[in-house]
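First up is the structure itself, then whatever we jot down about it.
The values are calculated or read from the model by the stated rules, or taken from the named source; none is laboratory data. In this text the structure is predicted, and so the values were computed from the model without any measurement. With ideal geometry, Cβ positions are generated from the backbone for all residues, glycine too; neighbour counts draw on all protein chains shown.
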Amino acid sequence: MTVSKPPHRGSLFVEDAEIISIERYPGAQFRLQLQSPKCAAVATPGSFVHLQCDKGIPLRRPLSIMRADPSAGWIEILFKVVGQGLTALADKQPGDKLSSIGPIGHGFKVTPARRRPLLIGGGVGIPPMIFLAETLNNDRQDWQPLMIMGSEIPFPFDTASTAIACHWLPQNIDATMPLVESWGIPVKLASLADIAGTYRGYVTDAAEKYLASLTESELAETEIFSCGPTPMLAAVAALAAKFELPCQVSLEEYMACGVGGCAGCTVLVQTREGPAMKRVCVDGPVFRAADVFQDSGA
């Protein structure tokens, strides 16, 4: 009798991750760098870690991986303080150790023939997009990605004026994320707040302007990847359907165990066998947009 291994057996690690640095940004947002060599070695864009924020708080918190350096053994995460657990995490200091389980989840899969990936991130959905952008840059293939990020509070990084020309938005929409642009990847920022240099509107509004500027052959090379709040993802799925583009989305759901045991993060997904309840933690968090947002027509 052949016994199949459970998902992630052999590629999911429990580590005491040491805090290298923790940096605060406006809006109670924090960037956390952790020494977590086993996780860093196999993390992929879209995967996440399940952190014990404090020994006095039993339930862990799922947090998307924003960057990973396998050679140096560190990962970075970004979080916004909401609730007791993340409040405790924000009070940690360099040198503190956190119990970490990861990397968890199936991440994004790029299509070589679709060399114009469009990366759309909103709020705490920004980190997987940064990870994907860096992975594309490191791949050294002929990728021509574009990143559009949205936030209704100050962005969790210092913005700068772009040095990459853009023909599909007015020139005064020039705010960018310097890190990603240093990889040669253009970045556009969108917000309904009064943030200088950003597109005033939703990320999907800016994305639609970009897609409308592409030729038919360029659209044939485009694929959308997105992470953010569920209403935003539904709008991204509808946009992908309008332009008849493939689209992958990373879902955000409350999780208890984070490893598929409690089934508390299930969502309805269309499969080849019909509708099914899938666990966001281990069956996802990345799914085809058309399989999750059926009403979008994507």
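Within region 196-232, the set of residues being assigned to a loop (DSSP other than H, G, I, E, B), within 22 Å of the chain's Cα centre (by Cα) and not aromatic (Phe, Trp, Tyr) comprises Thr198, Gly201, Glu221, Gly228, Pro229.
Could you tell me whether any residue of region 220-231 is in the same structural domain as Leu136 (by TED's automatic domain parsing) and over 22 Å from Ala290 (Cβ atoms)? Within region 220-231, none of the residues are in the same structural domain as Leu136 (by TED's automatic domain parsing) and over 22 Å from Ala290 (Cβ atoms). Restricting to region 104-159, and then to whatever is assigned to a helix (DSSP H, G or I) and among the aliphatic types (A, V, I, L, M), can you tell me which residue is farthest from the chain's Cα centre (by Cα)? Restricting to residues being assigned to a helix (DSSP H, G or I) and among the aliphatic types (A, V, I, L, M), the top hit is Leu136.
Restricting attention to region 87-126, the residues being within 17 Å of Val203 (Cα to Cα) and touching a Cys at 6+ places or on another chain (Cβ under 6 Å) number 2.
Per-residue answers, yes or no, for (1) among the hydrophobic types (A, V, I, L, M, F, W, C); (2) in contact with a Ser or Thr (Cβ under 6 Å, 6 or more places away or on another chain); (3) buried (at least 22 other Cβ atoms within 10 Å of the Cβ); (4) not assigned by TED's automatic domain parsing to the domain that holds Leu233:
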| site | (1), (2), (3), (4) |
| --- | --- |
| Gly125 | no, no, yes, no |
| Met129 | yes, no, yes, no |
| Asn137 | no, no, no, no |
| Gln141 | no, no, no, no |
| Pro145 | no, no, yes, no |
| Ile153 | yes, no, no, no |
| Thr162 | no, yes, no, no |
| Cys166 | yes, no, no, no |
| Met177 | yes, no, yes, no |
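The combined condition, being free of Cβ contacts under 8 Å to residues at least 60 places away in the same chain, outside any helix (DSSP H, G or I) and crowded, with 16+ Cβ neighbours inside 10 Å, is fulfilled by Ile173. Scanning region 55-104 for residues that are of a type in the set (Gly, Ala, Ser), without any contact (Cβ under 8 Å) to a residue 60 or more places away in the chain and surrounded by fewer than 16 Cβ atoms within 10 Å (Cβ to Cβ) yields a count of 4. Scanning region 77-91 for residues that are closer than 13 Å to Leu32 by Cβ and not in a helix (DSSP H, G or I) yields a total of 6.
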